[in-house]
1. How much of the DSSP bridge set in the range 1-128 is antiparallel, in percent, rounded to the nearest 5?
2. Among 129/315; 38/77; 77/359, which pairs are too far apart, with a Cα-Cα distance over 26 Å?
3. So if I take the centroid of the Cα atoms in the range 245-298 and the same for the range 190-205, what is the distance between those two points in Å?
4. Roughly how many nanometres apart are two label points built 7 Å out from the Cα toward the Cβ at residue 259 and residue 117?
5. Short version: ³J(HN,Hα) in whole Hz for each residue of the range 311-322, in order, from phi by Karplus 6.51 cos²θ - 1.76 cosθ + 1.60 (θ = phi - 60°), x for Gly and Pro, what are they?
6. Using a cut-off of 15 Å between beta-carbons, work out the net charge of the residues near residue 169 (Lys and Arg +1, Asp and Glu -1, residue 169 not included).
7. Count the DSSP beta bridges whose two residues both fall in the chain, then state the antiparallel fraction as a percent rounded to the nearest 5.
8. HN-Hα J couplings of the range 167-183 from phi, Karplus 6.51/-1.76/1.60, θ = phi - 60°, integer Hz, Gly and Pro as x?
Amino acid sequence: MDLITTTDALRQICTRLAEQPFVTVDTEFMRETTYYPKLCLIQMAAPDGTGVLVDPLAPGIDLEPFIALMADERTVKVFHSARQDLEIIWLIGGILPHPFFDTQVAAMVCGYGDSVSYEQLVNDVAKAKIDKSSRFTDWSRRPLSEAQLTYALSDVTHLVKIYEVLVAELLRTDRGAWLDEEMGVLTSPETYRADPAQAWRRLSGRMRKPREIAVLMEVAAWRESEAQTRNVPRGRVLKDEAVIDIASAAPRSAEALGRLRTIPAGFERSRTGADIVAAVERGLARDTSAVRMPERVRRSGGNGAIVELLKVLLKAVCEAEGVAPKIIATVDDLEAVADDDAAEVPALQGWRRTLFGDKALALKQGRLALSVESGRIVVRPLEAEPATAGSDTAG
């Protein structure tokens, strides 16, 4: 099995693939030692039986034909769990694939469970098995063995059948529009712009005071910028635990920084230590009245019982409708609904509201009942006569 290693060969195959109704795509990359992913392999397949492996590390190769294919409106680009693949395409080409289809999202809509794996879909839909012996390959090393190349190609060849089955199911159930919001998020450039000013949000769960959040904003932004500049993982600059400790303690001198248990000995006397203390000062100088606390902190937490009931309702609805709970509502969404009938969450908008949100509000307002009959959760309006088990579930 050969790798495409020249721009001319890549252009020829991409021209051929552009004539197909869809092409399945996957990438292999490494990012253990870098901030930005290092693209090591591109795999593509088409319904005519074409299977392609491209070596982006080959000397002199220009990936422009691949980027052009990703932007070609004639051909649907099919990925599984596409977020990291799309991030790479955005970084190398400045575009996001369109038209675009993510089989993991589609599988959730079709009832295959939350965040269903590619391996599971291969087993359940393509009725095949994947040889996982090359799963932990260092894809940056050359040459790649025949076994490694075979494994890599299987990531897209089975995806052809999976896509065809899922599309047929979406057409049968008229659920194609249900994917639009998720696909929109995945194909938005904002999803892949690593803005240092937003880096604090990843770590804000333990913060309880505006001053802590203010310091966290500055220290996390400094770390993100430093990691990007040096192209190293965030943890190589400063561990998450250290960022949280600094935000909580707000050390204003090298000596105070050095007393934190998560700061390595001598670290406080380095240039990095001085940068951290400067970031702390910027955080303390912020107007705390303008600091917006994270949602989970601002909620009162007094609606735990309602949240638990909403979880049961969500499970009942999803079982009845054959859809994964994760695509309808997260725990954060349920907490927001428990707090506010007009919460601005996806569960109270569009098809999700029709399927679940209206029932959630009715349950809160005492207009809906949950019961267990013959081992099943039954959902029905309180005005209705008792239903036979399973006769009126979540619909």
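1. Beta bridges within the range 1-128, antiparallel portion: roughly 60 percent.
2. Listed pairs above 26 Å: 129/315; 77/359.
3. So the separation of the two Cα centres works out to 18 Å.
4. 4.8 nm
5. Going residue by residue, I get 4, 5, 4, 4, 4, 5, 4, 5, 5, 5, 8, x Hz, with x marking Gly and Pro.
6. Within the 15 Å Cβ shell, the charges total -2.
7. Taking every DSSP beta bridge with both residues in the chain, the antiparallel ones total about 70 percent.
8. Working through the residues one at a time gives 4, 4, 5, 5, 5, 5, 9, 6, 10, x, 5, 5, 7, 4, 5, 5, 5 Hz.
Quick note: the coordinates plus some simple rules give every number you see, no bench work behind them. For clarity, every value in this text was computed on a predicted model and none was experimentally measured. Because the Cβ atoms are built from the backbone with ideal geometry, glycine has one as well, and the counts that use them run over all protein chains shown.
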